[in-house]
Amino acid sequence: MNKAQIIENVATTLKDTPSAQEIVKKGGNRDKRFHYLATHMVEKAIAKDALIVSENGAGTAILFKTNAKEENFWKDLPKELALVRHVTGIKNALKILKKQKYIKAQRPLEGDYLYCWFWGILPDTRGFGDETQTAKEMKDKMMDVADKLQLPLYAETRKRKVVIVYRRYGFDMFHEWVQPDGEKMWFLRYIPVKGVPHK
């Protein structure tokens, strides 16, 4: 699958994602904003060798190997400012920064870890056997990386049904956060055990 199609799929999936709905400024040509955000995400994932795409193309995940010290605000500032201009707007950007500070504080302060920045399946494939197969395939790919590198894998979600799926796949829910707007966010992690592959 080519990059343009992956970007289109991510943009479509983002429109059905609560966090993206919150991030992307309302009004005007909102579809264009979702496409800009998807392009930014996919290009960043490709640059960091973090992109995972299912065999049928319906599922996309972005899995970064990172640590608390690696995040460099100044290095990414030009792109982040472009995101403010083209996607979020200043008001949303300030809310995002405050929320991201809390979210990042839930991850390890020392050592490397894997972070699932995005995991989505195209809406029109949901509710069918394909969705379960696609989700399992992508889960296996992500956990294979965690097992191979022996690094913990972190993720968060605002959808309760996604928590159930993550837990079924071997993730632990280690924190629940009621956000200022009353919405809940759940924090999950998978910690590989040496010599014991995931199921």
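Only the coordinates and a few stated rules stand behind these numbers; no lab work does. All figures in this text were calculated on a predicted structure; none of them were measured in a lab. Note that each Cβ is placed from the backbone with ideal geometry, even for glycine, and that neighbours are counted across all protein chains shown.
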Calc'd 3J(HN,Hα), region 99-116, phi into Karplus 6.51 cos²θ - 1.76 cosθ + 1.60 (θ = phi - 60°), Hz, glycine/Pro = x, comes to 5, 4, 4, 5, 4, 5, 5, 7, 9, x, 8, 10, x, 7, 7, 9, 10, 7
Where both partners of a DSSP beta bridge lie in the chain, what percent of those bridges are antiparallel, to the nearest 5?
-> 90
Cut-off 17 Å (backbone N to label point 7 Å along Cα→Cβ of residue 117), residues of region 137-166 = 142, 153-157
Expressed as a whole number of Å, what is the distance separating the alpha-carbon centroids of region 149-195 and region 4-24?
-> 20
Computed [θ] at 222 nm, helices only, for the chain once each DSSP H run of length n ≥ 4 contributes -39500 (n - 2.57) | -15000 deg cm²/dmol
In percent, what relative contact order does the chain have, based on Cα pairs under 8 Å that are 6 or more apart in sequence?
-> 20
Karplus 3J(HN,Hα) series, Hz, for region 133-150 with 6.51 cos²θ - 1.76 cosθ + 1.60 (x for Gly, Pro) = 5, 5, 4, 5, 4, 6, 4, 4, 5, 5, 5, 4, 5, 4, 5, 5, 8, 6
Would you mind calculating the gained length between residue 159 and residue 107 on full extension (0.36 nm times residue separation, minus the Cα-Cα distance), in nm to one decimal?
-> 16.8 nm
Highest to lowest packing among 149-160, 94-105, scored as the average C-beta count within 10 Å | 149-160, 94-105
Once phi is turned into ³J(HN,Hα) by the Karplus curve 6.51 cos²θ - 1.76 cosθ + 1.60 with θ = phi - 60°, what whole-Hz value does each residue of region 22-31 show in order, with x for glycine and proline?
-> 6, 6, 6, 4, 7, x, x, 8, 5, 4
Between residue 173 and residue 95, what length in nm is gained on full extension when 0.36 nm per residue of separation is reduced by their alpha carbon distance?
-> 25.6 nm
Listed highest first by mean packing, meaning other Cβ atoms within 10 Å per residue, what order do 163-176, 33-46 come in?
-> 33-46, 163-176
